[in-house]
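First up is the structure itself, then whatever we jot down about it.
The values are calculated or read from the model by the stated rules, or taken from the named source; none is laboratory data. Just so it is clear, the structure is predicted and the values come from calculations on it, not from any experiment. Reconstructed Cβ throughout: ideal geometry from the backbone, glycine too, with neighbour counts over all protein chains shown.
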Amino acid sequence: MGACIYLLFTILVVYSHVHMFNANDLDIEQSMSEPSSVSPNNQDDDDNRDEVEKPGLDGKGPLEKAPYFTHKKKMSKIHIKPAGNMLNLKCKAGGHPTPNITWYKNNQIPTGRLGKVRFDHWSLILEDLITSDSGTYKCLVCNVLGCINFNYTVDVIDRFPSKPSIKAGYPQNVSALVNSTAVLECPQVVADLEPFIQWIKSSNFSTELINSDYIPKGIVLQTSATSPNPEILELSSVTRENEGWYSCVAANTLGITSASAYLKIVDTAGEGSRPQSRLLISFAGIAVCWLSVILLLR
């Protein structure tokens, strides 16, 4: 680009002694636009909820709010459990007035079950699962401003002696912006015995061990003992230091299963396309330069 500018300047000096031209005849506008930055999508699903708000009945009390789920991002739609285990379905919600909750199984109130059913405020707890407990469970949450609902699909399978099994394709490789929240999932860990789950940031990872019964060495970030939802690893305000391989390890007395994914940290959403953008801008600059020369010589 520097050589182009020098060439254009030389031609202008030479021809200024021979031809008189109006500088206004040469009107070249070069516009280059950088991709607009994308703000990281690190907000909880519930932060983007549509709320209906109304003033209190006396005009002075707290605002009334329609129901909303407080932890919707952590509500897994599918649950696969072996018979004999316990299942806890949660639909924690907020709103004003405080909403009430009603549970349904296949659109009917869950009754006539051989095992024990417990309702614990926002939770439906099924103990000693049997195969007939399979079905669609819906929580309906309502107050005077409206209702919301959420469906859980439950599949209870016959007991089988085996080590844990992690759902195919998980955890998935993830790219996250600096200072955003990165989420890695290791869903549907199925086994006859309830597995112990832990997340490890690997220090000596090999791609040959992406899915294996090998426990990689590294830093233990989260376990079943430290998290109520160990199948999901959430990293807040990530930096370049968070980039690397992360392994989900599930174990019981019958064996170990691990699966791994790579977390890549980027500065901007369009970082991967920047080299190509700069190349296109360079070509555009050269084209403008030669267009100037052609117009000058005419």
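Over 25 Å from the mean Cα position of the chain (by Cα), part of a strand (DSSP E or B) and not acidic (Asp, Glu): is that true of residue 84 in this structure?
No: the conditions fail for residue 84.
Criterion first (modelled with pLDDT of 90 or more, in a strand (DSSP E or B) and either more than 28 Å from residue 75 (Cα to Cα) or among the charged types (D, E, K, R) (or both)) does residue 241 satisfy it?
no
A quick yes/no check of all residues on (1) surrounded by fewer than 17 Cβ atoms within 10 Å (Cβ to Cβ); (2) out of contact with any strand residue (DSSP E or B) (no Cβ under 7 Å at 6 or more places or on another chain); (3) at pLDDT 95 or above; (4) not small (Gly, Ala, Ser):
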position: 68; (1), (2), (3), (4): no, no, yes, yes
position: 78; (1), (2), (3), (4): yes, no, no, yes
position: 83; (1), (2), (3), (4): no, no, no, no
position: 91; (1), (2), (3), (4): no, no, yes, yes
position: 95; (1), (2), (3), (4): no, no, yes, no
position: 103; (1), (2), (3), (4): no, no, yes, yes
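For the stretch 153-183, how many residues meet the condition of being of a type in the set (A, V, I, L, M), in a loop (DSSP other than H, G, I, E, B) and in the same structural domain as residue 235 (by TED's automatic domain parsing)?
Going through the stretch 153-183 one residue at a time, the tally reaches 1.
In this structure, is residue 292 more than 30 Å from residue 161 (Cβ to Cβ), modelled with pLDDT of 90 or more, not charged (D, E, K, R) and not assigned by TED's automatic domain parsing to the domain that holds residue 71?
For residue 292, the condition - more than 30 Å from residue 161 (Cβ to Cβ), modelled with pLDDT of 90 or more, not charged (D, E, K, R) and not assigned by TED's automatic domain parsing to the domain that holds residue 71 - is not met.
Residue-wise test of (1) out of contact with any Pro (no Cβ under 8 Å at 6 or more places or on another chain); (2) aliphatic (A, V, I, L, M).
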position	(1), (2)
77	yes, no
104	no, no
120	yes, no
125	yes, yes
142	no, no
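Could you list all residues from the stretch 244-267 that are over 23 Å from residue 194 (Cβ atoms) and part of a loop (DSSP other than H, G, I, E, B)?
Across the stretch 244-267, the qualifying residue is only 267.
Within the stretch 143-164, is there a residue that is within 23 Å of the chain's Cα centre (by Cα) and farther than 30 Å from residue 257 by Cβ?
Yes, that holds for at least one residue.
Restricting to the stretch 108-149, name every residue that is surrounded by 14 or more Cβ atoms within 10 Å (Cβ to Cβ), under 23 Å from residue 70 (Cβ atoms) and of a type in the set (A, V, I, L, M).
Scanning the stretch 108-149 gives 124, 125, 126, 140, 141, 145, 148.
Consider residue 114 carefully, then state whether it is over 21 Å from residue 195 (Cα atoms), at pLDDT below 95 and over 25 Å from the mean Cα position of the chain (by Cα).
Here the answer is yes, as residue 114 does meet what is asked.
Going residue by residue through the stretch 169-189, is there one that turns out to be touching a residue at least 40 places away in the same chain (Cβ under 8 Å), surrounded by 15 or more Cβ atoms within 10 Å (Cβ to Cβ) and over 25 Å from the mean Cα position of the chain (by Cα)?
No, because not a single residue in the stretch 169-189 is touching a residue at least 40 places away in the same chain (Cβ under 8 Å), surrounded by 15 or more Cβ atoms within 10 Å (Cβ to Cβ) and over 25 Å from the mean Cα position of the chain (by Cα).
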